[in-house]
Amino acid sequence: MKINKIHHVAIICSNYEASKKFYVDILKFSIINETYRAERDSYKLDLKVSDRDTIELFSFTSPPSRPSKPEACGLRHLAFEVDNIEENVDYLISQGVAVETIRVDEITGKKFTFFKDPDDLPLEIYEL
């Protein structure tokens, strides 16, 4: 088997409008396609993160909560690369997003921090 790259990341949200606003208006991901699926009473929003990366944002009626704390087995978080972490932290705070203190990766020496989306999904920004 040979995998070329990650094709997309799928996120299920509990409040479609709040999550759409967060990912489009605050994180500035552009909309590729938005589809309402009447048979599921569900939206699927395809978002462009970069030239290579996409997120599929799904809404479903009454999705179960995501186990997050203490550390649950499974996907831990989603990380985004940034050029300047301080600028991005300042921007997120100006948008009303709570951001953890910037830390330094003890292995790489690079700066990173975490914040959360409207469903408490941990998101990371990592400076290269």
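The values are calculated or read from the model by the stated rules, or taken from the named source; none is laboratory data. All values reported here derive from a predicted model rather than from experimental measurement. With ideal geometry, Cβ positions are generated from the backbone for all residues, glycine too; neighbour counts draw on all protein chains shown.
Can Tyr43 be described as surrounded by 13 or more Cβ atoms within 10 Å (Cβ to Cβ), part of a strand (DSSP E or B) and of a type in the set (Ser, Thr, Tyr)? Yes: the conditions hold for Tyr43.
All conditions but one from (1) touching a Ser or Thr at 6+ places or on another chain (Cβ under 7 Å); (2) more than 24 Å from His8 (Cα to Cα); (3) among the aromatic types (Phe, Trp, Tyr) apply to Tyr43; the one that does not is (2). Within the stretch 93-128, the set of residues being in a loop (DSSP other than H, G, I, E, B), in contact with a helix residue (DSSP H, G or I) (Cβ under 7 Å, 6 or more places away or on another chain) and not acidic (Asp, Glu) comprises Gln95, Val97, Ile102, Pro118.
Of the residues examined, Asp90 is not one that is surrounded by 10 or more Cβ atoms within 10 Å (Cβ to Cβ) and either in contact with a strand residue (DSSP E or B) (Cβ under 8 Å, 6 or more places away or on another chain) or in a loop (DSSP other than H, G, I, E, B) (or both). Quick one: would you say Glu34 is assigned by TED's automatic domain parsing to the domain that holds Leu123 and either under 17 Å from Phe114 (Cβ atoms) or surrounded by 11 or more Cβ atoms within 10 Å (Cβ to Cβ) (or both)? It is false that Glu34 is assigned by TED's automatic domain parsing to the domain that holds Leu123 and either under 17 Å from Phe114 (Cβ atoms) or surrounded by 11 or more Cβ atoms within 10 Å (Cβ to Cβ) (or both). Would you check which residues across the stretch 109-128 are surrounded by fewer than 12 Cβ atoms within 10 Å (Cβ to Cβ) and either aromatic (Phe, Trp, Tyr) or at pLDDT 95 or above (or both) and list them? Listed by number, the list holds a single entry, Gly109. Cβ-Cβ contacts under 6 Å between residues 6 or more apart (or on different chains), taken from a first residue in the stretch 28-46 that is at pLDDT below 95 to a second residue that is surrounded by fewer than 12 Cβ atoms within 10 Å (Cβ to Cβ), are listed as Asp41/Thr61. Within the stretch 1-27, if we keep just the residues that are assigned to a loop (DSSP other than H, G, I, E, B) and in contact (Cβ under 8 Å) with a residue 60 or more places away in the chain, the residue that is nearest to Arg66 (Cα to Cα) turns out to be Ser14.
Flag set for Val104, criterion: β-branched (Val, Ile, Thr) and not assigned by TED's automatic domain parsing to the domain that holds Ile6.
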